[in-house]
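Right, I'll just put the structure down here and ask away after.
Throughout, read-outs are computed from the coordinates displayed, never taken from laboratory work. All values reported here derive from a predicted model rather than from experimental measurement. A quick note on method: Cβ atoms are made from the backbone with ideal geometry, for glycine too, and the neighbour counts reach across all protein chains shown.
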Amino acid sequence: MKQKYLFLSFCIVIIVSFYQDNVYPQEYLYINSIGNFKNAVSFSITPAGIFYVTDSSTDEIYKVDSLGNKLKYAGGYGWDSGLFDDPTDVCATVLSIFVCDKNNHRIERFDKDLNYISQLYTRENDDKNVRFGYPLGCAVSQQGDLFILDSENKRIIKFDLFGNYIQNFGGYDAGKFSLANPLKLAMSDNNDVFVIDNDKIVVYDQYGNGLNTIDLSVPLKGIQIVFNNLTVNSDSTIYYANLKTQNFILQKVNFQGNDELKEVISSLIFNDKLYILTSTKILVYQRIK
């Protein structure tokens, strides 16, 4: 069944366009910046346009509207429920917010108003297949399955919506799809998993079957998929692809109106606007082409 799914699943044909301007590149005009953070390290957006931002200096997560107003926050340094020790990533769904609590080796779950719900912690489990440590990324599938980037064991671990272990993949036994230094992950609308691994993207289906590797030859930092809009970035460059088509083009994004774009942490596209997370703010760009 898995082999049949793999055969029917889309086979990604990548055309990497670093510097070509004749492949209909997207262009964006700088509008403004929103938010005020000390050391933001990740962000996510809901279908309603609400941002959730984690800050490693304060060990907090912020709920932020499109004007940059902090509507609510949660966290603070510690081990107790609802606290963090380096919240490295956040994944926001319609009803739940999942935060990678890196040094506490767990995933904490909140509701949309940042009220604490539960945690997933397996590092002391007797089964080595279930254990994860120092999580750097997480994503939720359309079915509610949770995928965790286990940086301690260099693999992805999959749990169901009740926290039950399903499988792990991308480890040393995955052949050419083995992960060497995984940093972040994102999930497409058809439940394929995109993982940043050094200077490439490794793509799996939801069952852990390797689909493709995309070599960008630049150190990558962030990856996001919002409504089939894939963005991946280095410190100063952002690449974009529309995942609606089977054969998509990954191309460099062009900018106007802001010559100080640097130290990009992550980026996402939502309603024809490009949002770029830096350590202190979110830069907002409007699509013009």
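Sorted from largest to smallest, which semi-axis lengths in Å does the alpha carbon gyration tensor of the chain give for its equivalent ellipsoid, taking the root of 5 times each eigenvalue? Could the numbers behind the result be given before it?
Details: eigenvalues 148, 128, 49 Å².
Computed over the chain, the values are 27, 25, 16 Å.
With point charges of +1 on the Cβ of Lys and Arg and -1 on the Cβ of Asp and Glu, referenced to the Cα centre of the chain, which listed residue (229, 149, 50) lies farthest in the positive direction of the dipole?
It is 229.
Sequence-distant or interchain residues sharing an amide H contact under 5 Å with residue 249, placed H: which?
242
Per the helix-only calculation at 222 nm, which mean residue ellipticity applies to the chain, given -39500 (n - 2.57) for every DSSP H run of n ≥ 4 and division by its residues, nearest 500 deg cm²/dmol? All intermediate terms of the calculation are to be shown ahead of the outcome.
Working: 1 runs with 7 residues, N = 289.
Computed mean residue ellipticity for the chain: -500 deg cm²/dmol.
Residue-wise, which Karplus ³J(HN,Hα) couplings in Hz belong to the stretch 63-73, taking 6.51 cos²θ - 1.76 cosθ + 1.60, θ = phi - 60°, and x for glycine or proline?
9, 10, 7, 5, 9, x, 6, 7, 7, 6, 9
Modelled label-to-label distance, residue 190 and residue 95, 7 Å Cα→beta-carbon offset: nm?
2.7
Label residue 273 and residue 124 with points 7 Å out from Cα along Cα→Cβ: what is the distance between them in nm?
Distance between the two pseudo-spin positions: 4.5 nm.
Calculate one ³J(HN,Hα) per residue across the stretch 78-86 by plugging θ = phi - 60° into the Karplus curve 6.51 cos²θ - 1.76 cosθ + 1.60, and present them in order as whole Hz with x for glycine and proline.
x, 9, 4, 4, x, 9, 9, 10, 6
While we're looking at this one, here's another question. For the residue pair residue 29 and residue 254, what label-to-label distance in nm results when each label sits 7 Å from Cα along the Cα-to-beta-carbon direction?
The modelled label-to-label distance comes out at 1.4 nm.
I've got another one for you. If the label point is 7 Å along Cα→Cβ of residue 286, which residues in the stretch 47-67 have backbone nitrogen under 18 Å from it?
Output list for this probe position: 66-67.
Right, next: Would you please give the FRET efficiency between residue 176 and residue 73, computed as 1/(1 + (r/R0)^6) with r the Cβ-Cβ distance and R0 = 35 Å, to the nearest 0.05? It would help to have the intermediate numbers written out before the result.
On the way: r = 43 Å, r/R0 = 1.22.
Step by step, r from the Cβ atoms, then E = 0.25.
Measuring from centroid to centroid over Cα atoms, what is the spacing of the stretch 95-135 and the stretch 216-242 in Å?
Measuring centre to centre over Cα atoms gives 25 Å.
So for each of 117-128, 61-72 I average, over its residues, the number of other beta carbons within 10 Å; can you give me the resulting order with the highest mean first? If you can, show how the numbers build up before the last one.
Working: 117-128: 12.6, 61-72: 16.7.
Result, highest mean Cβ count within 10 Å first: 61-72, 117-128.
Sequence neighbours fewer than 8 away in the same chain don't count; with that in mind, list the lysines whose C-alpha is under 21 Å from residue 221.
38, 102, 154, 184, 200, 252, 262, 273, 281
OK, next. Treating only the Cβ of Lys, Arg, Asp and Glu as charged (+1, +1, -1, -1), what charge dipole size does the stretch 2-287 show about its Cα centre? Round to the nearest 20 debye. The partial results should precede the final answer.
Details: 26 positive and 33 negative charges, 86 e Å.
Magnitude of the dipole: close to 420 debye.
Going by C-beta contacts inside 10 Å, put 41, 284 in order with the fewest on the left. The partial results should precede the final answer.
Numbers: 41 22, 284 19.
The fewest-first ordering by Cβ neighbours comes to 284, 41.
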